[in-house]
Amino acid sequence: MFNNIKEMINYCEENNVEIIDFKVVDMKGRWHRLSITTPKLTEDIMVKGIGFDGSSYGFLTIEKSDMVMIPDVTTCYLDYHKEHKTLVTIANIFVIDGSKLKRFADDPRYIAEKAENYMLKEGIADTCLLGPEFEFFVLDHVSFKNTNQHMEVKLNSEQANWNMGDDSKQNIGLKVPHHGGYHLDSPFDTSYEFRTEAALEAEKIGIPIKYHHSENGGPGQVEIEVSFAGIKEMGDRTMKLKNLLNLTAVKLRKTVTFMPKPFVDEAGSGMHVHIQLKKDGEYLMYDEKGYAGLSKLALYAIGGILTHAEALTAITNPSTNSYKRLIPGYEAPVTIGYATGNRSAGIRIPGYAITPDEKRFELRSPDATCNPYLAYSAIMMAAFDGIIKKIDPNKKGFGPYDINLYNLSKKDQKKVKSLPASLLEAAHALEKDYKFLLEGEVFSENTIKNHLKRIKKDHYLVNRMPHPIEFEMYYDL
């Protein structure tokens, strides 16, 4: 929005902005906020920054926890949901090095920036374009409670088929069948107005929306796609969009969840990522004579991602709930392979993308419980590794699989590698295979170590909790 702090200050004064919100992302991918009044916005902030406790974000130990946030003025946008006129800016994280400030190596935004710089330094491309598809559920009620003697979750969507027989209030009978939500029109699609308002507001704050629609999951599953952008920029857009969707939902008395699998018998929610590369204005993924119109460079990128697919899931699918989605039969890819137009493959080449500017491939396994900066960076570091090492996915046995991989015989299934079946398996895979992330000092050993510590902690927490279904299965034995 601005080129420098002077432009930001002038805008605030001329447009009666009252509050500046500084947003900082933690390692999990949650925003934290610090707010100042407009008179406190000075040029000194770009030199001295604003101090905060990094240990509370999970970045540093208590003994060495002082950190500084400095706004990236190019990320500013107005928050239309606030009563007082508020300008939001995403901040970069710095640490104190003697009498100077330096970028914090493990700041997720800085990791994304370093991934883009690595691409440039290696001469791979000068532009990386990512296009995620955000799937999520829009619900009308959620409640949950977990104590030593009470475990309960209640979810409800007014459009869900289970409300067909509800006669406790006026019921007009327009409900969505099980697995019947894909591209449904009004009046069945009850979140249309919510999505439209969110899409229009997203455009106002610099997030171009490709389209939105209802998805397969009957109890309120939807999808929003945004236009392509680079690694760091798409990380910013992801954070902005998720925040906007939550704010809009609260305003309309709805709630959204990006949990990959909130409903046991509905399709899960993923975050498929489409990938393109450009250099000197030329699209690099296209070759008329290549498989599915893909260039060798594109195939090498696929080879790199599939080679590191098991390790990547620890970063792109970092929740225990992620692995309740990554199971056969619910449109989620579990096989480490690639194909054209095949939604059961880990990497899919869209059949409709036939021109050089459209040619791309899509990684279908990630979900939106990830930290977007870390996930996009890790995916592209795997792709860059494949390009640099010229990893041929055919020679590695990754396909192409132009068949329904769910219907393979048991004998053939054993020949196809699968993604990890649990968060702990994914953690073990990352422990064995993370050197590609350290290239160019993009990720650090500390980043990987802390990430592994966190996801293992999540696994063991959930693993020791009794589950209500276990009482049905074992209580009377």
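The values are calculated or read from the model by the stated rules, or taken from the named source; none is laboratory data. None of the values given here were measured: they were computed from a predicted structure. Neighbour counts run over all protein chains shown; Cβ positions are idealised from the backbone, glycine included.
Quick notes on this one:
- Test set (1) crowded, with 24+ Cβ neighbours inside 10 Å; (2) out of contact with any strand residue (DSSP E or B) (no Cβ under 7 Å at 6 or more places or on another chain); (3) outside any loop (DSSP other than H, G, I, E, B) - residue 324 fails condition number: (1)
- Within this structure, residue 344 fails the test of being within 15 Å of the chain's Cα centre (by Cα) and more than 20 Å from residue 443 (Cα to Cα).
- For the range 171-193, the count of residues that are assigned to a helix (DSSP H, G or I), touching a residue at least 40 places away in the same chain (Cβ under 8 Å) and in contact with a helix residue (DSSP H, G or I) (Cβ under 8 Å, 6 or more places away or on another chain) is zero.
- Options 29, 54: the member that is at positive phi and not hydrophobic (A, V, I, L, M, F, W, C): 29
- Residue under evaluation residue 362, criteria (1) modelled with pLDDT of 95 or more; (2) among the acidic types (Asp, Glu); (3) assigned to a loop (DSSP other than H, G, I, E, B); (4) surrounded by fewer than 24 Cβ atoms within 10 Å (Cβ to Cβ), criterion not met: (3)
- Among the residues of the range 368-390, just one is over 16 Å from residue 29 (Cα atoms) and assigned to a loop (DSSP other than H, G, I, E, B), namely 390.
- The set of residues in the range 46-95 being of a type in the set (A, V, I, L, M) and within 24 Å of residue 237 (Cα to Cα) consists of 46, 50, 68, 69, 70, 73, 78, 87, 88, 90, 91, 93.
- Residue count for the range 122-169, restricted to those that are more than 24 Å from the chain's Cα centre (by Cα), assigned to a strand (DSSP E or B) and of a type in the set (A, V, I, L, M): 3.
- For the range 121-129, the criterion of being under 28 Å from residue 377 (Cα atoms), at pLDDT below 95 and either of a type in the set (Val, Ile, Thr) or in contact with a helix residue (DSSP H, G or I) (Cβ under 6 Å, 6 or more places away or on another chain) (or both) is met by none of the residues.
- The set of residues in the range 226-273 that are outside any helix (DSSP H, G or I) and of a type in the set (D, E, K, R) comprises 253, 254, 261, 265, 266.
- Filter result (out of contact with any helix residue (DSSP H, G or I) (no Cβ under 7 Å at 6 or more places or on another chain), part of a strand (DSSP E or B) and not charged (D, E, K, R)) within the range 196-217: 211, 213, 214
- Neighbours by Cβ (under 9 Å, 6+ apart or cross-chain): first from the range 381-397, closer than 18 Å to residue 290 by Cα; second exposed (fewer than 14 other Cβ atoms within 10 Å of the Cβ): 387/122; 397/415
- Residue selection: residue 58 fails the criterion of being over 26 Å from residue 452 (Cα atoms), surrounded by fewer than 20 Cβ atoms within 10 Å (Cβ to Cβ) and of a type outside the set (D, E, K, R).
- Conditions (1) hydroxyl-bearing (Ser, Thr, Tyr); (2) crowded, with 24+ Cβ neighbours inside 10 Å; (3) farther than 22 Å from residue 376 by Cβ: number failed by residue 291: (2)
- Which numbered condition residue 88 misses (of (1) among the aliphatic types (A, V, I, L, M); (2) in contact (Cβ under 8 Å) with a residue 40 or more places away in the chain; (3) not in a strand (DSSP E or B)): (3)
- If you go through the range 110-134 and pick out every residue that is touching a residue at least 40 places away in the same chain (Cβ under 8 Å), touching a Lys or Arg at 6+ places or on another chain (Cβ under 6 Å) and within 26 Å of residue 450 (Cα to Cα), you end up with 2.
- For residue 256, the criteria (1) touching a Leu at 6+ places or on another chain (Cβ under 6 Å); (2) more than 21 Å from residue 181 (Cα to Cα) hold in every case but one, which is (2).
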